[in-house]
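Heads up, the thing below is written out as structure tokens.
Please treat every number below as a calculation from the coordinates, not as lab data. Nothing here was measured: the structure is a model prediction, and the numbers come from that model. Glycine gets a Cβ as well: all are built from the backbone with ideal geometry, and neighbour counts include every protein chain shown.
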Amino acid sequence: MFKHLKITFIVFVLLPCAGILAAQSLNIPPGMGAGPIDYSEYYVNPQEERQPAGGAPAQEGDITSHGPWMICEIKTRGLVNINKKTITKNISARESRLYENYQIQDDVNSLMALGNFDNVEMDISLSPGARRDKSDAQDKTLHPCHVLTAIVTEKPIFEAITYQGRKKLSKNAIQTAMSLKLKDPFNLAKLTSDMERINEAYAQKGYINAKAAFVTEEDPDKNIVTAVITIDEGQRVRVGEVNVEGLQALPLKKFLKQLSNRPGKVYRAQKLPEDHYKATIYARNEGYYDFKITDFTNPESEDKSLINLNYSVHEGHRVKFGDTAYSGNAVYSDEELD
């Protein structure tokens, strides 16, 4: 029977003392995350297993318990929806190459960074045969073969969405707004935040009171998650009255033309900053250099069908362009510059 090296990286997210207790229960030194990890106590020297009775000395080319190990085969365990190539392309281990101790943690980190897995472990076990290191043409040493097995726990795949109450927005519009896409590894935090993204997508169409919620169902055999998204769309809200207090010389009609949120239009809250900017630029281009919007409210009607916009503005005095004086103009006269 072969001996195995099995390394499990455990992330402690509670209290430091909890991490120490857990590490002690596994006989792993509490400080193992602070520097290079020594896996020697979890690995049996392959030469010890192959050593004949009588305690014959190890032969040239034997590998120590600290590595490196000659990898003759790369296997995976636990894959359901992810292709094996996703593993082999994202680790540094290669067949017929020596595999160093430090590469283990690097490869675990690389696979976890993909976002496809809840857990990754690397298992190294002795296997029959021996090979030379292909990466070093000068090295003629035969190294005992090992099998590297990536043991993973996949995150379930986000497989499908069904909708209840959806009428005013297309499925494509909703899924475009979402950060969690179909066929992505399922992420509960993303799906939760996507409900607000859906609400915002409805608000852009004037449905400012829309509310989205979800429930999920998991199929452990297929390792997939499906979601049912229920949407209370509410009614479309339009702009009712637009009142501007403090406007004296500037014509109200021209002021309102600067706004996308005008009486009778579909209310779009996301356009309000742009409306305020355009109204201010219009007034200042008319000579009211001190113009500014001092207050703004947007109360909703009792039946939630209308939004009334109330502006308070400071118009200020109109400024006229005065005389222009030039200095340093040797090529063109003042009259030419005017």
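Net charge near LEU191: determine it from the other residues with C-beta under 12 Å of the C-beta of LEU191, scoring Lys and Arg +1 and Asp and Glu -1. It would help to have the intermediate numbers written out before the result.
Values: positive: LYS181, LYS190, ARG197; negative: ASP184, ASP194, GLU196.
Once positives and negatives cancel, what remains is 0.
Magnitude of the Cβ-charge dipole of region 232-338, K/R +1 and D/E -1, about the Cα centre, nearest 20 debye? It would help to have the intermediate numbers written out before the result.
On the way: 15 positive and 18 negative charges, 101 e Å.
Magnitude of the dipole: close to 480 debye.
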Fully extended contour minus Cα-Cα distance, from GLU300 to ASN285, at 0.36 nm per residue: 2.2 nm
Tell me the label-point distance for the pair LYS85, SER135, using the 7 Å Cα-to-Cβ offset, in nm and rounded to one decimal. 2.3
So if each residue of separation counts as 0.36 nm, and I subtract the Cα-Cα distance between ALA213 and LYS171, what length gain in nm does that give? 13.6 nm
Give, in nm to one decimal, the length gained when the segment between GLU245 and ASN329 is fully stretched (0.36 nm per residue of separation minus the Cα-Cα distance). 25.6 nm
State, to one decimal in nm², a quarter of the convex hull surface area for the C-alpha atoms of region 71-132, i.e. the direction-averaged projected area. 4.4
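Quick one: order MET70, MET178 by neighbouring beta-carbon count within 10 Å, fewest to most.
Working: MET70 25, MET178 21.
So the residues, fewest neighbours to most, are MET178, MET70.
What order do you get for SER327, SER193, SER127, SER170 when you list them from fewest to most C-beta neighbours inside 10 Å?
Numbers: SER327 5, SER193 13, SER127 16, SER170 9.
The most exposed by this proxy come first: SER327, SER170, SER193, SER127.
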Taking the Cβ of ALA269 as the centre, find all other residues whose Cβ is under 12 Å away and add up their charges (Lys, Arg: +1; Asp, Glu: -1). -1
In nm, spacing of pseudo-spin labels at GLU274 and MET112 (7 Å Cα→C-beta vector): 4.4
